[in-house]
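Remarks on the structure that follows.
The values are calculated or read from the model by the stated rules, or taken from the named source; none is laboratory data. What you are looking at is a predicted structure, and each value in this text was computed from that prediction instead of being measured. A quick note on method: Cβ atoms are made from the backbone with ideal geometry, for glycine too, and the neighbour counts reach across all protein chains shown. Accessible surface areas use protein heavy atoms only, side chains included; no ligands, DNA or RNA. Shrake-Rupley method; radii C 1.70, N 1.55, O 1.52, S 1.80 Å.
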Amino acid sequence: MRFNYNKLRGRIRERLGTENKFCDLMPMNRATLSNKLNNQNEFNQTEIMAAIKALDIREEEIGKYFFTEML
């Protein structure tokens, strides 16, 4: 299953300006984030929890950012 992370990418830019700053907060290296955003690897639960905290994502919006399937 492949997911669309465009909304997540937008939130990262909106809140932090760059994906590098997001990686620093996670912590995660840039290549790992790229692989996850390009559906080569999956986000795990711990990473999702860290991301929603770093990006101030409300609980009811988690699905929009992490579980929107690609058409």
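Before moving on, here are some points about what is shown:
- Test result for Leu71, out of contact with any strand residue (DSSP E or B) (no Cβ under 9 Å at 6 or more places or on another chain) and at pLDDT below 95: yes
- Candidates are the residues of the range 1-25 that are among the polar types (S, T, N, Q) and assigned to a loop (DSSP other than H, G, I, E, B); the one that is nearest to Ala50 (Cα to Cα) is Thr18.
- Top-ranked residue of the range 61-71 - restricted to ones that are outside any helix (DSSP H, G or I) and either among the aliphatic types (A, V, I, L, M) or farther than 17 Å from Asn6 by Cα (or both), ranked as most open to solvent (accessible area, probe 1.4 Å): Leu71
- Residue satisfying all of: in the range 1-37; of a type in the set (S, T, N, Q) and within 14 Å of Tyr65 (Cα to Cα); most open to solvent (accessible area, probe 1.4 Å) among these: Asn6
- Selected residue (criterion: surrounded by the most Cβ atoms within 10 Å (Cβ to Cβ)) from residues of the range 49-60 that are touching a helix residue (DSSP H, G or I) at 6+ places or on another chain (Cβ under 9 Å) and assigned to a helix (DSSP H, G or I): Ala51
- Matching residues, the range 31-43, being under 12 Å from the mean Cα position of the chain (by Cα) and either among the aliphatic types (A, V, I, L, M) or assigned to a helix (DSSP H, G or I) (or both): Thr32, Leu33, Ser34, Asn35, Lys36, Leu37
- Residue check, Thr46 of a type in the set (Ser, Thr, Tyr) and either open to solvent by 90 Å² or more (accessible area, probe 1.4 Å) or under 11 Å from the mean Cα position of the chain (by Cα) (or both): yes
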